[in-house]
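To keep things clear, I will list the structure first and then write my remarks on it.
Laboratory data are not the source of any read-out in this text; all were calculated from the coordinates shown. In this text, all values refer to a predicted model and were calculated from it rather than measured experimentally. Please note: Cβ atoms are built from the backbone with ideal geometry, for glycine as well, and neighbour counts cover all protein chains shown.
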Amino acid sequence: MEQTGEPRALDRYAVENGDRPSRWSGPNPWPKILIPYACQREVQITLCISPTVLAPLRNIRIGINGQPVDYEIHGRNRIPTVVIRTTLQEADYSILTLHTPEMVCPNDRLGNGDLRRLGIAVSDVVIEPLTLR
């Protein structure tokens with residue numbers, strides 16, 4: 001799922017175009033991502049994170065439909081990704097929640113006049129069903 005320009009809830013900023021369109025989380029430290037798919041088996045969800053990471057990824061927490069899930073961080077050099085193995089709702093959409101406890105003001109780090117409170121910028125969301133064993 002690619003980030004697009006439609007309005008979103010107040011827990012995400014407007015889409016920003018770069019190598020890949022992305023959206024910063026904030027000012028809400030509990031931003032949500034709608035997963036508009038249902039699946040009857042385990043899936044892998046990969047969140048592609050903007051290479052401009054201001055807040056540490058190691059402190060985030062992730063939940064699916066209100067339940068905490070484990071994740072791994074990959075690709076630390078070029079494009080970080082957050083990889084989750086989980087189950088989705090079997091007959092309806094799912095809600096992925098990111099908890100980004102460390103929000104950052106870009107002006108404090110970069111002196112660029114950007115006073116927004118930012119968490120992490122998510123570009124593509126890749127959802128792949130895992131094969132049955």
Total charge of the residues flanking D108 in space, meaning their Cβ is under 14 Å from its Cβ, with Lys and Arg +1 and Asp and Glu -1, is +1
What is the dipole size for the chain, taken about its Cα centre, with +1 at each Lys and Arg Cβ and -1 at each Asp and Glu Cβ, in debye to the nearest 20?
260 debye
Quotient of Cα Rg and 2.2 N^0.38 Å for the chain, N being how many residues it contains
1.05
With the charge dipole of the chain built from beta-carbon charges (+1 for Lys and Arg, -1 for Asp and Glu) about the Cα centre, the Cα from Q67, I84, P51 projecting farthest to the positive end belongs to P51
Quick check: net charge around E90, other residues with Cβ under 14 Å of its Cβ, Lys/Arg +1 and Asp/Glu -1?
-1
FRET efficiency estimate (nearest 0.05) - Cβ-Cβ, V69 to N17, R0 25 angstrom
0.25
Using the Cβ atoms and a cut-off under 12 Å, what net charge is assigned to the surroundings of G63, where Lys and Arg are +1 and Asp and Glu are -1?
+1
Summing -39500 (n - 2.57) over every DSSP H run of at least 4 residues in the chain and dividing by its residue count gives a helix-only mean residue ellipticity at 222 nm, to the nearest 500 deg cm²/dmol, of -500 deg cm²/dmol
From Cα pairs below 8 angstrom and at least 6 apart in sequence, can you work out the relative contact order of the chain, rounded to a whole percent?
36 percent
Find which of N112, S25, Y37 sits farthest along the positive direction of the dipole of the chain, computed with +1 on the beta-carbon of Lys and Arg, -1 on that of Asp and Glu, about the Cα centre.
N112
